[in-house]
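Following: one structure in structure tokens, then a few remarks.
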Amino acid sequence: MNKFKGFVYKEFLHLIRDYRTMIILIGMPVIQVILFGFAIRNELNSVNIGILDRSKDEMTQKLTSKILSSDYFILKEYLADESQIDAAFKKGLVKEVIVFESGFAEKLQKEGRAEVQIITDASEPNMANLALSYTTGIILDFSQSLSAGKDRSFIITPEIKMLYNEELKSVFMFVPGIMATILMLISAMMTSITITREKEFGTMEVLLASPLKPYQIILGKVAPYLLLSLVNLTLILWISMTVFGMPVRGSMILLIAECALFITTALSLGILISTVAGSMQVAMMISLVGLMMPTVLLSGFIFPIENMPWPLQWISHILPAKWFVIIIKNIMLKGTGFSYVYKETLVLISMTVFLLGLSIKKFKTRL
Amino acid sequence: MNDNIIITEDLTKKFGSFTACDRISFSVKKGEIFGFLGANGAGKTTAIRMLCGLLLPTSGKASIGGYDIYKDTEKIKLNIGYMSQKFSLYEDLTVKENIEFYAGIYRLSTKEIKERSKLLISELGLERSADSLIRSLPLGWRQKLAFSVAVIHSPKIVFLDEPTGGVDPVTRRQFWDLIYKAADDGISVLVTTHYMDEAEYCGRISMMVDGKIAAMGTPAELKSSYNVGSMYEVFLHLARGKNE
């Protein structure tokens, strides 16, 4: 096994000599987690709103103060009539306008129902959606508290119905996705590049003409990136747990085992790419376009899979990242055990076996 | 056992309808320097790749060091050295690391690796550059080092595929000194080149034209049989012959 050890040592030397790439590979996940965690929040923070109160009674004032006391909204303007709504949006003063119909309290008392109109600035769709659902949530809560303890019900109907996601913390949604993306990037892309590099520089010929076995060449190439992936995994978990308070409610050992499985899947994908690609550029393009983009866009960590048209949903099924994200979310957020994720795990295992088998078969021992 | 290290018989390689090597038969003795000469695309590299186990021949027979190239590929790999057309050292590793790496994959023991790399570095006069990256060495030095690394495990035969491409004449001469030294140590050398002056350095030569061996013999024999003064003229004669 001496020659194999020497080979792995040489691979580590490559990695260390190319310190720029290594800094990027270690720095990127850190920056991504922090960026996603702090900058790209899905939570609502002090959205400017306007209120058009046609009723100006006790009820509308109560509801208004409840909305404002939530800390999510800041009242920028009391609007006098409908014509001012458009202007307020166009000036960018407000992102949302809440309109109470006239005779709000009276209607509520007599008929048991009243209407609120919520208008949002949909040029920022994410924000609009969130503001909308937050507002609806608060209104719903308000009407429930009115009805509580009384034998009659008060219903305030908001124009649009959406469920209020009470604990919407975006970093919790992003961390599993980032883990999938980073592990995919390092394992698949770097492996495919490091193998094609030998091809491009002509050293692969020499290696193949040497007594090294093909599987030793592959394993040796993969080893440093396996280690690097594990280092990154630790980093991502550590930052998300300490900085963002992300819980790991399930078993840590199970979590790491599942991550190791996903890394193996990604590594075998990388080997497969390298058997197809003739140059480093091609390997990089295939990894970026064929792996990274679908992983980021279709694995369900940015856009919900349920909302995709069926061809994209179908594609998402063949992405290892999709299954990995489901597993990780289950273990970290819901704290479920293996019995709840065994199906997804089986999918990942079969993908890995298939990819590894295919890439070993395709890896040419001759030119 | 005879002392022929390489024996080939009607070795042929086809890529689709194109025949890169057409029924090549030759033999190389122990310690002999055998040259493959020919224009680009004449089939020299294909022939070497088949013998190294990198390409599977379409038909024909060949044995290296008594091992069959179809069946005993693994044993052959232990007994050959190979220097490819492209540069075969790692540019981001140091001289020493390259030597130790190649010595390591040829199953030399740690002690042997140390001894041989020390000897090799001092023979090439590279003591001061032992810890610098290959990238920083001049091309000529790299080529000499690549050759020394290819024979570090004392193979029975070393294959050199256009080893002196882009190297200046002085360094080329030094390179050939290394080849002679290896041959003196009993290592057979199979070298391809399209430099006709290098042909004069070889013990025996096979001239390849369009995948076939057009002529074979010592440089002196070839020159006298075509009644010309230099290998260059022999080559022109053969190459022109094919066009007529």
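The values are calculated or read from the model by the stated rules, or taken from the named source; none is laboratory data. Note that the structure is predicted; figures quoted are calculated from it, not measured. Here the Cβ positions follow ideal geometry from the backbone for every residue, glycine too, while neighbour counts run over all protein chains shown.
Might you check whether a residue that is closer than 30 Å to A:Gly103 by Cα and modelled with pLDDT under 85 occurs anywhere in the range A:163-184? Break it down into steps so the answer makes sense when it comes.
Here is the first cut: in the range A:163-184, the ones closer than 30 Å to A:Gly103 by Cα are A:163-164.
Retained after the next criterion (residues that are modelled with pLDDT under 85): A:163-164.
Among the residues of the range A:163-184, at least one is closer than 30 Å to A:Gly103 by Cα and modelled with pLDDT under 85, which makes the answer yes.
Does A:Ile328 satisfy being of a type in the set (A, V, I, L, M) and under 14 Å from A:Thr181 (Cα atoms)? Quick ask: steps written out before the conclusion?
Details: of a type in the set (A, V, I, L, M): yes; under 14 Å from A:Thr181 (Cα atoms): yes.
Yes: the conditions hold for A:Ile328.
Among B:Phe87, B:Phe101, which is within 12 Å of chain A (Cβ to nearest Cβ) and part of a loop (DSSP other than H, G, I, E, B)? Steps first, answer last, please.
On the way: B:Phe101 fails: part of a loop (DSSP other than H, G, I, E, B).
It is B:Phe87.
Looking at the structure I just gave you, is A:Phe172 more than 14 Å from every other protein chain (Cβ to nearest Cβ), buried (at least 22 other Cβ atoms within 10 Å of the Cβ) and either out of contact with any Ser or Thr (no Cβ under 8 Å at 6 or more places or on another chain) or not basic (Lys, Arg) (or both)?
So A:Phe172 does not fit the description; no.
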Just wondering, is there one or more residues in the range A:205-222 that are closer than 30 Å to A:Ile31 by Cβ, more than 11 Å from chain B (Cβ to nearest Cβ) and modelled with pLDDT under 90?
yes
Tell me, which residue of the range B:65-84 that is surrounded by fewer than 21 Cβ atoms within 10 Å (Cβ to Cβ) and of a type in the set (Lys, Arg) is nearest to the other protein chains (Cβ to nearest Cβ)?
B:Lys75
Among the residues of the range A:199-225, which ones are of a type in the set (D, E, K, R) and in contact (Cβ under 8 Å) with a residue 12 or more places away in the chain?
A:Lys199, A:Glu200, A:Glu205, A:Lys221
Selection within the range A:289-327 - surrounded by fewer than 12 Cβ atoms within 10 Å (Cβ to Cβ) and touching a residue at least 12 places away in the same chain (Cβ under 8 Å):
none
Matching entry among A:Lys95, A:Lys76, A:Lys90 (being closer than 24 Å to A:Asn129 by Cα and without any contact (Cβ under 8 Å) to a residue 12 or more places away in the chain)
A:Lys90
If you go through the range B:201-233, how many residues are touching a residue at least 24 places away in the same chain (Cβ under 8 Å), of a type in the set (A, V, I, L, M), buried (at least 18 other Cβ atoms within 10 Å of the Cβ) and under 26 Å from B:Lys13 (Cα atoms)?
6
Quick check: is even one residue across the range B:115-125 over 22 Å from B:Ser188 (Cα atoms), more than 8 Å from chain A (Cβ to nearest Cβ) and crowded, with 17+ Cβ neighbours inside 10 Å?
yes
Residue by residue through the range A:198-225, note down the ones that are surrounded by fewer than 18 Cβ atoms within 10 Å (Cβ to Cβ) and of a type in the set (Ser, Thr, Tyr).
A:Tyr215
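Residues checked against (1) hydroxyl-bearing (Ser, Thr, Tyr); (2) farther than 25 Å from A:Ser210 by Cβ; (3) touching a Phe, Trp or Tyr at 6+ places or on another chain (Cβ under 7 Å):
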position: B:Lys14; (1), (2), (3): no, yes, no
position: B:Arg23; (1), (2), (3): no, yes, no
position: B:Val28; (1), (2), (3): no, no, yes
position: B:Gly31; (1), (2), (3): no, no, no
position: B:Ala39; (1), (2), (3): no, yes, no
position: B:Ala47; (1), (2), (3): no, no, yes
position: B:Leu51; (1), (2), (3): no, no, yes
position: B:Pro57; (1), (2), (3): no, no, no
Working only within the range B:8-64, note down all residues that are of a type in the set (Gly, Ala, Ser), within 14 Å of another protein chain (Cβ to nearest Cβ) and farther than 21 Å from B:Thr218 by Cβ.
B:Ala20, B:Gly53
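Quick one: in the range A:328-367, which of the residues that are of a type in the set (Phe, Trp, Tyr) and touching a residue at least 12 places away in the same chain (Cβ under 8 Å) is nearest to the other protein chains (Cβ to nearest Cβ)? First the steps, then the outcome.
The initial filter retains those residues of the range A:328-367 that are of a type in the set (Phe, Trp, Tyr), namely A:338, A:340, A:342, A:354, A:363.
Still in the running and touching a residue at least 12 places away in the same chain (Cβ under 8 Å): A:338, A:363.
On the way: A:Phe338: 41, A:Phe363: 14 Å.
So the residue we want is A:Phe363.
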Give the range A:226-279 a look and list any residue that's surrounded by fewer than 23 Cβ atoms within 10 Å (Cβ to Cβ) and of a type in the set (Gly, Ala, Ser), or say none.
A:Gly245, A:Gly250, A:Ser251, A:Ala257, A:Ala260, A:Ala277, A:Gly278, A:Ser279
Could you figure out which of (1) modelled with pLDDT of 80 or more; (2) out of contact with any strand residue (DSSP E or B) (no Cβ under 9 Å at 6 or more places or on another chain); (3) surrounded by 14 or more Cβ atoms within 10 Å (Cβ to Cβ) isn't true of A:Lys110?
(3)
May I ask you to say which residue of A:Val99, A:Val33 is more than 14 Å from chain B (Cβ to nearest Cβ) and either among the charged types (D, E, K, R) or within 29 Å of A:Phe303 (Cβ to Cβ) (or both)?
A:Val33
Residues in the range A:227-279 that are out of contact with any Asp or Glu (no Cβ under 6 Å at 6 or more places or on another chain) and farther than 20 Å from A:Ser350 by Cα total 32
Within the set of pairs 6 or more residues apart or between chains, which connect a residue that is facing chain B (nearest Cβ under 9 Å) inside the range A:1-26 to a residue that is at pLDDT below 85 with Cβ atoms less than 8 Å apart?
A:Asn2/B:Arg107; A:Lys3/B:Arg107
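Identify, please: which residue in the range B:152-174 is within 13 Å of chain A (Cβ to nearest Cβ) and not in a strand (DSSP E or B) and is, among those, farthest from B:Glu198 (Cα to Cα)? Step through it out loud before you land on a result.
In the first step, residues of the range B:152-174 are kept if they are within 13 Å of chain A (Cβ to nearest Cβ); the result is B:152-153, B:155, B:157-163, B:165.
If we keep only those that are not in a strand (DSSP E or B) as well, we get B:152-153, B:155, B:162-163, B:165.
Details: B:Ile152: 23, B:His153: 25, B:Pro155: 23, B:Glu162: 11, B:Pro163: 11, B:Gly165: 11 Å.
The qualifying residue farthest from B:Glu198 (Cα to Cα) is B:His153.
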